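The values are calculated or read from the model by the stated rules, or taken from the named source; none is laboratory data. If you're wondering where the values come from, they're calculated on a predicted model, not measured in any experiment. Glycine gets a Cβ as well: all are built from the backbone with ideal geometry, and neighbour counts include every protein chain shown.
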Amino acid sequence: MRALVGLAVVLALVAGCTRGGGTRSAPAPSTTVDSTLAAQVPAPIRSARMVIVATDPIYQPSEFLAPDKALAGFDVDLFNAVAGKLALKTEWKTADFDDIIPGVAAGRYHLGVSSFTIRPDREEQVTMVSYFAAGTQWAARPGVAIDPDDACGKRVAVQSSTLQVNDLATRSAACTAAGKPAIQADEYLKQADLATAVSSGKDDALIADSPVSGYAVKQSGGTLTLVGRLYQAVRYGYVLPRDETDFGQALARALRQLMVEGTYAAILDKWGVSAGAISDPAVNPVVPSASASASPGP
């Protein structure tokens, strides 16, 4: 049985923001420490009561810098709450995405939290703990009749150089093969431009990674709504050193407690990403090799 200690902690985070340096974030939700889980934290981290977390804050709404330069996003809020369960404060370090896994493996960071898709090649290098599911999700204006499985002849906004560009091309080819009009893919460089194009009526719908679509809907003030289902789903995972499976189990159990308490759902709802909720966080879950090539996110 897990023993709960009635101690509410609000995490205070370090200030400043430079690449490779510490960055502050919004305070975490108050959470209750579980002393049994806290005892499973590696001794050096437990004694310091501080966990050093690497992230690349360029991916809204997962992790990004707010206008005041504070670190923000559902990844940040959720892991701060997880850390609170383990009686830990968090010190976030910004790093290039490709440097985070090597940095964790080399001991420069205790963890990596940056929308990492769980893949077999990554699980060969590090331990990963699943906490979220992401896939592809469409959005449109309320009342606009559009079916992602039959979008022939529609104008669809998509961000350049994403997997969704290929997705639209495949769907469009199926339309023309069936004698129907092709899908017109309007490509944009920035995520925010997709929502603007659809809200203004220029495009009929947008297609993006599910967290991006969900956040766009949340921020739209009712001018956008999700349509269709989330598909091509993969799991995001926290990144730990390869031999830290016990620490990983503590993180997974902390996540489960946050789910039972409702904190997990509240954080996802705040950011419009409730569609990605999971119920079974796990350490090094088995994933198909195909996920390495079909991942919607990083």
- Task: Would you mind stating whether Ser62 is assigned by TED's automatic domain parsing to the domain that holds Ile101 and modelled with pLDDT of 95 or more?
- Result: yes
- Item | Single match in Leu206, Leu230 (criterion: in contact with a helix residue (DSSP H, G or I) (Cβ under 8 Å, 6 or more places away or on another chain) and within 19 Å of Gly143 (Cβ to Cβ)) | Leu206
- Would it be correct to say that Ile52 is assigned by TED's automatic domain parsing to the domain that holds Gln249 and under 24 Å from Val286 (Cβ atoms)? no
- Query: What helices (runs of 4 or more DSSP H), lying completely within segment 221-298, carry at least 1 residues that are over 24 Å from Lys93 (Cβ atoms) and at pLDDT 95 or above?
  - Reply: 245-261, 263-270
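Does Asp167 fit the bill of being of a type in the set (D, E, K, R), outside the structural domain of Lys270 (by TED's automatic domain parsing), under 24 Å from the mean Cα position of the chain (by Cα) and closer than 25 Å to Ile278 by Cα? Show your work before the answer.
Numbers: of a type in the set (D, E, K, R): yes; outside the structural domain of Lys270 (by TED's automatic domain parsing): yes; under 24 Å from the mean Cα position of the chain (by Cα): yes; closer than 25 Å to Ile278 by Cα: yes.
So Asp167 passes the test.
Return yes or no: is Ala133 under 26 Å from Ala252 (Cβ atoms) and surrounded by fewer than 24 Cβ atoms within 10 Å (Cβ to Cβ)? Step through it out loud before you land on a result.
Details: under 26 Å from Ala252 (Cβ atoms): yes; surrounded by fewer than 24 Cβ atoms within 10 Å (Cβ to Cβ): yes.
Yes.
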- Item | Condition check for Ala205: farther than 20 Å from Trp271 by Cβ, buried (at least 23 other Cβ atoms within 10 Å of the Cβ) and not β-branched (Val, Ile, Thr) | yes
